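In what follows, a structure is listed as structure tokens, so that the remarks can point back to it.
The values are calculated or read from the model by the stated rules, or taken from the named source; none is laboratory data. All figures in this text were calculated on a predicted structure; none of them were measured in a lab. Heads up, the Cβs are rebuilt from the backbone with ideal geometry, glycines too, and the neighbour counts pull from every protein chain shown.
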Amino acid sequence: MPVTPSPYHRLNPLTKAVIATVGSIGAFVLGGYVGPIAIMVIMLLLAWRAGVLARLARVSLLLTLPIAISVVLVSVFTRAGTTVLFQIGPFDATAEGVDFALQTLVRLFAISLSIGLFIMTTEPRAFVFDLERRGVPPRAAFIAVATIEAVPTLVERATMISESQRARGLDTEGSFLTRVRGLLPIVGPVIIGSLTDVEERSLALESRAFSRPGRRHLLWAMPDEGWERVLRWVLFVLLVGAAVARLTGRI
Amino acid sequence: MTRLDLEGVGFVYPDGTRALDGVDLTIGAGESVAIVGQNGSGKSTLVRHFNGLLRPTDGRILHDGEDVADVRTAALAARVGIVFQNPDRQIFAGKVRTEVAFGPKTLGRSATDIEAATRDALAAVGLSDAADANPYDLGYSRRKLLTIASVLAMGTPVVVLDEPTTGQDARGVARVQQVLAGLVADGRTVIAISHDMRFVAGSFSRIVVMGGGRILLDGPPAEVFAEPAWPVLASSYLEPPYAARVGARLALGSTPTETALVEALAARG
Ligand SMILES: Nc1ncnc2c1ncn2[C@@H]1O[C@H](COP(=O)(O)OP(=O)(O)O)[C@@H](O)[C@H]1O
Ligand SMILES: [Mg+2]
């Protein structure tokens, strides 16, 4: 967190959580190109205002790229379609496949930018306080926060384990297949490791008396301006509207 | 046998942090070298260049006189084994034996070789009784020894250890010292990063002091810990070992280890 947080950092945590949720579910619901790209642009603009543009772009690329590459390969070559663009071996790349892959890509990026922006601009403890203040059971609030806090550690752990395996001769350079094979052995430990992390973190939060019943001091003022409440409802209504429009085939 | 040469090596992380700046360093086959320096001085970055985990942004790295820029890490790993600092960011297998066998296996050794290497490596670090345990049931000190065994099992001519004694209990430190001595006796090159000046002075014949991505001092313990070098050590927030300070106070010359101190005292009579 920067020393002087931007106005975006200072928004109420719930407002930022709603922006992230509406952004990611919105990208998913809308599909196509216009919606997800609009969401991407909005998130990037917000990130720029918050001073985390470069970091968000990098992290979101890092997180999305492995999934993106596999999605593109699989969908470009396996999607049935009539317009064959080119062939590699026995596989046809169809225009339909490429279209599907691109649509999936913009969705993925919109989702990772939305979630990444929230994580980068929100102090987890502020989010817990705010959730608790709104009557969310403390335990549920911990788990939410412990999970969010675990994301950066998860990325670091994955990097380190893969580094140590490369140091022990695992070949991860070279072809796409070699790379994927290199990733497989770390999936298990990374997931198990981050589960342990979440558990440890919620214990740590707990031992810092987060679950003690009764009122506590808020260590800092938690603004929740009237306009933020309005904004949250507007976003929520927009999301529901988009979902309805989508389901009824209007967009 | 592998000789390592670094020629004018510089490294800048993608975020613009310059971690290494014009490093010239030759480590001959069979040497035992300790790398010391304050946090962030570039020690870990430096050793990640030895097996190609990081590639220099300036200068070049040679193994036995041959530039390794185009050699894959997977191939360099057969020559240089690196044990990283944090055991919990390396161990991935559900069983101690599997973790140790991973290296020799990826290097393509035969089944009998893998088994023998695993057994010997576990014995060397005193973990034979834990071969079938889950790594996460071991205490921190033993998990750290497990990561050392995982690299020993590869039988690389060069073994690098990033802070092998940090977080170890006294028994663990003694075990690490014993393993290092065994490697040196075997004629293998041992390179260790450490913050423990006493350990460094007692177990290595050469000490490289880093600061701000550069090499500040490079020589035997008696030279690096001699009083004239203290201001340089201080500039990297390092303190000479206790024995060296006592020896200097008593005007006994450079006595980096307790043994050296006792000998100097005896010689003075
Ligand atoms: N992955 C990284 N990305 C950016 N900067 C890094 C990274 N790893 C280390 N650094 C920076 O490079 C410098 C040297 O770090 P490092 O080699 O880890 O030092 P040491 O091991 O001596 O503590 C430090 O300024 C550190 O912050
Ligand atoms: Mg380090």
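Quick notes on this one:
- Evaluated against (1) within 12 Å of ligand 1 (Cβ to nearest atom); (2) in a loop (DSSP other than H, G, I, E, B), B:Ala29 falls short on exactly one condition, (1).
- Test: residue in the range B:84-93 that is in contact with a Phe, Trp or Tyr (Cβ under 6 Å, 6 or more places away or on another chain), more than 8 Å from chain A (Cβ to nearest Cβ) and within 16 Å of ligand 1 (Cβ to nearest atom): no
- Yes/no for B:Arg48 being touching a residue at least 24 places away in the same chain (Cβ under 8 Å) and within 14 Å of chain A (Cβ to nearest Cβ): yes
- Cβ-Cβ under 8 Å pairs, at least 6 apart or on other chains, the range B:144-163 side acidic (Asp, Glu), far side part of a loop (DSSP other than H, G, I, E, B): B:Asp162/B:Phe84; B:Asp162/B:Gln85; B:Glu163/B:Gln85; B:Glu163/B:Ser194; B:Glu163/B:His195
- Counting the residues of the range B:29-41 that are surrounded by fewer than 22 Cβ atoms within 10 Å (Cβ to Cβ) and touching a strand residue (DSSP E or B) at 6+ places or on another chain (Cβ under 8 Å) gives 6.
- Restricted to the range B:48-78, and to residues there that are more than 11 Å from B:Leu4 (Cα to Cα) and within 16 Å of ligand 2 (Cβ to nearest atom), the residue that is surrounded by the fewest Cβ atoms within 10 Å (Cβ to Cβ) is B:Leu53.
- Any hit, the range B:21-30, residues being within 16 Å of ligand 2 (Cβ to nearest atom), at pLDDT below 95 and in contact with a helix residue (DSSP H, G or I) (Cβ under 7 Å, 6 or more places away or on another chain): no
- If the condition is being surrounded by 15 or more Cβ atoms within 10 Å (Cβ to Cβ) and more than 14 Å from chain A (Cβ to nearest Cβ), then the range B:97-112 contributes only B:Arg97.
- The combined condition, being within 14 Å of chain A (Cβ to nearest Cβ) and in contact with a strand residue (DSSP E or B) (Cβ under 6 Å, 6 or more places away or on another chain), is not fulfilled by B:Thr57.
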